[in-house]
Amino acid sequence: MDTLTHEPLTSSPIEVFRRRGRFDPIDDRRVRAAVAAGAWVRIIPGVYARAEAWRALRPHEQHRVRVLEVTHRLETPALVSHHAAAAAWGIDTLGRWPERVDVRVPRASGGRSTGRIRRYPLGVDDVATAPFGRHRATTPAQTALDLARALPFVRGVAALDQAIWTERPGGALTDLAEIEHLRAAQPSPRGDARASRVLAFASTGAANVRESQMRVLVVELGFGLPTVQERRVLPSGRVAFGDLYFPAADHWVEIDGRGKYLSPEYTGGRDAAQIVLDEKARENEIRRIVRGFSRLDALDAEHPRRVYDILTGDGLRSILPRP
């Protein structure tokens with residue numbers, strides 16, 4: 001049902017060591033010692049990876065490795081869905097990733113979860129799917145819809161935002177029209193009202209799940225609905241994008257994650273001092289062209305009172321009292 005321009009990721013981003021199928025069997029004592037020493041980690045029983053490589057992965061990449069290893073052992077083809085499909089497509093989600101691998105099963109089969117599999121008895125007919133090795137995976141649109149129905153509102157928004165994010169390398173995985181088409185074609189009494197709210201709130205500009213979480217929070221705190229990735233040309237000529245922007249108040253909000261200061265993707269070879277100086281110069285330029293400016297830490301989204309106090313302290317008004 002999707003016109004797919006992407007493919008699910010079917011290869012592991014790190015080297016794994018499987019006890020099964022090796023010509024040189026792994027010595028159990030050495031494995032236990034390596035795990036105890038923190039040099040190796042156990043992904044699932046009988047499958048290991050070097051701890052340094054494992055820790056370097058983002059949580060959704062770690063889950064993809066787990067999905068690949070669990071499905072590798074399945075004797076019959078499965079329909080990978082929900083968090084497992086999200087990991088296969090590179091869709092990040094908010095909160096802790098599950099230990100089990102999500103699969104859709106026929107409605108009559110029941111939803112009992114065993115071992116490493118979590119079963120969703122939602123049916124497998126008329127579901128949008130794509131090849132996933134010798135298995136199938138729900139498409140990005142189907143995955144986003146399934147998560148929007150199953151997860152709390154803020155987590156559903158974060159997952160759906162990731163699926164429709166237009167600045168994703170290679171382009172958005174899907175769009176709102178396709179997800180809405182699936183929702184209409186697959187009516188469900190469970191979670192459909194929540195999914196409709198998620199679709200209405202979703203944004204194509206949220207670059208990460210913390211931005212989505214913060215957008216939901218500021219609305220809940222009474223500050224109104226901000227725009228995402230506000231574009232401005234600064235006096236120096238360079239272009240700046242605001243994570244959140246409140247047009248009526250002309251108030252610009254930056255959401256800082258650790259990546260801005262630590263990730264090679266953003267640091268560009270600069271040392272920590274230069275990064276801070278550059279960011280301060282950018283902030284000064286932005287302040288000259290807007291009425292209000294706030295800077296939040298990405299993890300502040302877990303602390304509503306802190307966010308409320310920072311924004312009101314910087315002059316942004318809320319229609320609600322302090323939580």
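The values are calculated or read from the model by the stated rules, or taken from the named source; none is laboratory data. Small disclaimer: the values here were computed from a predicted structure and weren't measured. Virtual Cβ from ideal backbone geometry, glycine too; neighbours counted across all protein chains shown. The protein model used for the area step is the full one, side chains on, heavy atoms only, and it has no ligands, DNA or RNA in it. Shrake-Rupley method; radii C 1.70, N 1.55, O 1.52, S 1.80 Å.
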**Asked** Is there any pair linking a residue in the range 284-310 that is closer than 19 Å to Val233 by Cα to one that is among the hydroxyl-bearing types (Ser, Thr, Tyr), with Cβ under 8 Å and at least six apart or on different chains, and which?
**Response** Glu285/Ser236
**Message:** Considering only the range 220-242, I want to know if a residue exists there that is modelled with pLDDT of 95 or more and assigned to a helix (DSSP H, G or I).
**Reply:** yes
**Complete:** So the strands (runs of 3 or more DSSP E) completely within the range 34-125 holding 1 or more residues that are over 26 Å from Val209 (Cβ atoms) are 40-44, 47-50
**Item:** Identity of the residue in the range 192-204, surrounded by fewer than 18 Cβ atoms within 10 Å (Cβ to Cβ) and touching a residue at least 12 places away in the same chain (Cβ under 8 Å), that ends up farthest from the chain's Cα centre (by Cα)
**Value:** Asp192
**Asked** In this structure, does Arg210 turn out to be over 22 Å from Phe246 (Cβ atoms) and basic (Lys, Arg)?
**Response** no
**Message:** Step by step: first the residues of the range 61-83, then only those that are open to solvent by 20 Å² or more (accessible area, probe 1.4 Å) and polar (S, T, N, Q), then the one that is nearest to the chain's Cα centre (by Cα). Which residue is that?
**Reply:** Gln62
**Message:** Checking the structure you have, find out if any residue of the range 147-161 is surrounded by fewer than 17 Cβ atoms within 10 Å (Cβ to Cβ) and either under 20 Å from the mean Cα position of the chain (by Cα) or of a type in the set (Lys, Arg) (or both).
**Reply:** yes
**Meets criteria (in contact with an Asp or Glu (Cβ under 7 Å, 6 or more places away or on another chain), touching a residue at least 60 places away in the same chain (Cβ under 8 Å) and open to solvent by less than 20 Å² (accessible area, probe 1.4 Å)) for Ala88** = no
**Fill in**
The number of residues in the range 153-171 that are in contact with a Lys or Arg (Cβ under 8 Å, 6 or more places away or on another chain) and either modelled with pLDDT under 95 or not in a helix (DSSP H, G or I) (or both) is 0
